[in-house]
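Engineer: The structure's right below; bear with me while I get my questions together.
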Amino acid sequence: MGKILGIIGGGQLGMMIVEAAKKLPEHITKIIILDPTPNCPASQVGAEQIIADFKDEQAIIKLAEKSDIITYEIESGNSDVLKSVENKAEIEPSPETLRIIQDKLLQKSFLNENNIPVPEFMKIESMSDLEEGLKKFGYPVLLKARRDAYDGRGNFKIDSHDQIQKAYNYFIGQKLMLEKFIPFKMEVSVIAARNTKGQIKTYPLVENIHEENILRETIAPARVSENVAKKAERIASDIMNVLKGAGVFGIEMFVTQDDQIVINEIAPRVHNSGHHTLQSSETSQFEQHLRAILGLELGGTKLVRHTIMYNILGSKSFEGKYKPIFISEPNTYLKMYGKEISKPLRKLGHFNLVAKEGETITDLLKTMELLKEKVNTQPLS
Ligand code: ATP
Ligand code: MG
């Protein structure tokens, strides 16, 4: 019997989950999105929408009453409310997993206790904790908001003593943690999945290039030695073995100068660095997520074709309607998210550039340089 799926969050991630769900009609008969923005991306591809804040208790209860199973595309949901509706709908990943992951301090403590490598960190509750932390870790360090951060907006890098007060003031009223700065060689990630029956699969390691703290480009596979890739993929499996709950997880990591792997953070959801799987892999991360939460056999995770994903971000120089974006190159797959308004650095779409027979990552990077120019956002008038 098919199920009714509820999704908290109807942005591009929700949209691509809905599109994947449409290919599994015997398992999912209907999808309901909870999102505060009318006509959000997921609602444009056929999901019914409850218009309310992600943390609105009554709306979450309503969603649970209408759904057989609930998942989410954002990690800022209310895990307590989700826990309280577990008798109405199955919640995947589990509210307990969400509770741990959505607080960076709890998350790092959990990983540390399970012998997963993380940067040195400590809890910060006062200016004197911060002074103590700086003595212990030296400079630079990152002061981080424990909750609700995204696109690096919850981080403040402290390079010297005279920045301490400014850093502390930046986060008025927020719970904080301090983390040693890792002078990494590369940022990488692993998309991993676990289904409700405990089956675990990981995708090959990919390389992530950020601009102004926002993911810009993902190179699949990462340009690292086989040893490093194996190590990262093993650590991802270790994490999946200790984390409860089913679904796809995005595991962000650093490769250090001496080729060690250190975990940055885990997202309990499909992840921007997994968008390449739409064209590159045996199973897309979106279908995999559905297979995982429905308790189906997980799909293959082999990278069939080398691919680079490029995020189309709103121009920094304007806010408003923008000219339609087209790209007609061979082996290029454009996905726009149906957002009417461009804002500086807003994620408006992405495209995947897939390797032709015999093409290497170096070849793809050259082509990519030319294609980037074609997707600049420009005001409509
Ligand atoms: P996202 O951009 O994934 O939504 P976020 O806002 O939660 O994430 P983080 O992932 O914690 O923030 O950090 C954003 C970026 O800051 C990382 O991708 C990395 O480039 C840098 N960063 C974070 N922690 C560290 C660290 N300990 N050492 C060095 N750089 C770091
Ligand atoms: Mg991050």
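Engineer: Order of 279-286, 178-185, 361-368, 22-29 by packing, highest average Cβ count within 10 Å first?
Structural biologist: Output ranking for 279-286, 178-185, 361-368, 22-29: 279-286, 178-185, 361-368, 22-29.
Engineer: Please give me the summed charge of the neighbours of G320: other residues whose Cβ is under 14 Å from its Cβ, Lys and Arg +1, Asp and Glu -1.
Structural biologist: Computed value for this residue: +4.
Engineer: Shape of region 186-375 from its Cα gyration tensor (a ≥ b ≥ c, root eigenvalues): rounded if a/c is under 1.5, otherwise prolate when a/b > b/c, or oblate?
Structural biologist: Here region 186-375 falls in the prolate category.
Engineer: Which semi-axis lengths, in whole Å and largest first, follow from the square roots of five times the eigenvalues of the Cα gyration tensor of region 203-282?
Structural biologist: Value: 18, 17, 13 Å, ordered largest first.
Engineer: Then there is this: Longer than 30 Å from Cα to Cα, which of K201/K366; K22/K231; K88/K244; K88/K197 are they? Say none if no pair is.
Structural biologist: K201/K366; K22/K231
Engineer: Moving on to the next point. Which peptide among 92-105, 72-85, 125-138 comes first, and what is the full order, when sorted by highest mean count of other Cβ atoms within 10 Å?
Structural biologist: In descending order of packing, they fall as 92-105, 72-85, 125-138.
Engineer: At a threshold of 8 angstrom on Cα-Cα distance, excluding pairs fewer than six apart, so keeping six or more, what relative contact order does the chain reach in percent?
Structural biologist: Averaging sequence separation for qualifying contacts and normalising by length gives 13 percent for the chain.
Engineer: Name the residue farthest towards the positive end of the dipole of the chain from the options A236, I263, S342, assuming +1 on Cβ of Lys and Arg, -1 on Cβ of Asp and Glu, about the Cα centre.
Structural biologist: Among A236, I263, S342, the one farthest towards the positive end of the dipole of the chain is S342.
Engineer: Taking only the alpha carbons of the chain, what extent do you get along each of the three principal axes, in Å, biggest first?
Structural biologist: Dimensions of the chain along the principal axes of its Cα atoms: 58, 53, 48 Å.
Engineer: Also, quick follow-up: Mind ordering 113-119, 301-307 by average Cβ neighbours within 10 Å, highest first?
Structural biologist: Per-residue Cβ counts within 10 Å, averaged per peptide and sorted highest first, yield 301-307, 113-119.
Engineer: On each of the three principal axes of the Cα atoms of region 3-91, give max minus min coordinate, whole Å, ordered largest first.
Structural biologist: 32, 27, 18
Engineer: How much length, in nm to one decimal, is gained on full extension between D259 and S84, taken as 0.36 nm per residue of separation minus their Cα-Cα distance?
Structural biologist: Once the chain is fully extended between D259 and S84, it gains 58.7 nm.
Engineer: On to the next question. Could you work out the percent of alpha carbon pairs in region 120-180 separated by over 19 Å, rounded to a whole number?
Structural biologist: 16
Engineer: Net charge within 12 Å of A21 by Cβ-Cβ distance, Lys/Arg positive one each and Asp/Glu negative one each, not counting A21 itself?
Structural biologist: After counting each charged neighbour, the total is +2.
Engineer: Around A232, with a cut-off of 14 angstrom between Cβ atoms, what is the net charge of the other residues, counting Lys and Arg +1 and Asp and Glu -1?
Structural biologist: -2
Engineer: For the chain, with every protein chain kept in place, what is the accessible area per residue (1.4 Å probe, Å²)?
Structural biologist: For the chain, the solvent-accessible area averages 44 Å² per residue.
Engineer: Given only helices, namely DSSP H runs of n ≥ 4 each adding -39500 (n - 2.57), what is the per-residue ellipticity at 222 nm of the chain, to the nearest 500 deg cm²/dmol?
Structural biologist: Helix contribution divided over all residues of the chain: -8000 deg cm²/dmol.
Engineer: What residue among F351, F121, F171 shows peak mean-square fluctuation when the chain is described by a Gaussian network model with Cα springs under 10 Å?
Structural biologist: Between F351, F121, F171, it is F171 that shows the largest mean-square fluctuation.
Engineer: Could you check the spin-label model distance between K374 and K230? Points 7 Å from the Cα along Cα→Cβ, value in nm.
Structural biologist: A separation of 4.0 nm, rounded to one decimal place.
Engineer: For region 3-91, which whole percent of the accessible surface, found with a 1.4 angstrom probe, sits on carbon and sulfur atoms?
Structural biologist: On region 3-91, the fraction of accessible area on carbon and sulfur atoms equals 48 percent.
Engineer: Right, here's the next one. Taking the Cα atoms of region 313-381, report the difference between the largest and smallest coordinate on each principal axis, in whole Å and largest first.
Structural biologist: 42, 19, 18
Engineer: What ³J(HN,Hα) values, in whole Hz, does the Karplus curve 6.51 cos²θ - 1.76 cosθ + 1.60 give for region 10-23 when θ = phi - 60°, with x put for Gly and Pro?
Structural biologist: So the Karplus estimates, Gly and Pro as x, are x, x, 5, 5, x, 4, 6, 5, 4, 4, 5, 5, 5, 8 Hz.
Engineer: To continue, here is another question. If the only charges are +1 at each Lys and Arg Cβ and -1 at each Asp and Glu Cβ, what is the size of the charge dipole of the chain around the Cα centre, to the nearest 20 debye?
Structural biologist: Using Cβ point charges on Lys, Arg, Asp and Glu, the chain gives about 380 debye.
Engineer: Measuring from centroid to centroid over Cα atoms, what is the spacing of region 110-135 and region 153-222 in Å?
Structural biologist: What the calculation gives is 15 Å, centre to centre.
The values are calculated or read from the model by the stated rules, or taken from the named source; none is laboratory data. Computed from a predicted structure; not experimentally measured. Cβ: placed from backbone, ideal geometry, glycine included. Neighbour counts: every protein chain shown. In case anyone asks, the SASA skips ligands and DNA or RNA and just uses the protein heavy atoms, side chains included. Shrake-Rupley method; radii C 1.70, N 1.55, O 1.52, S 1.80 Å.
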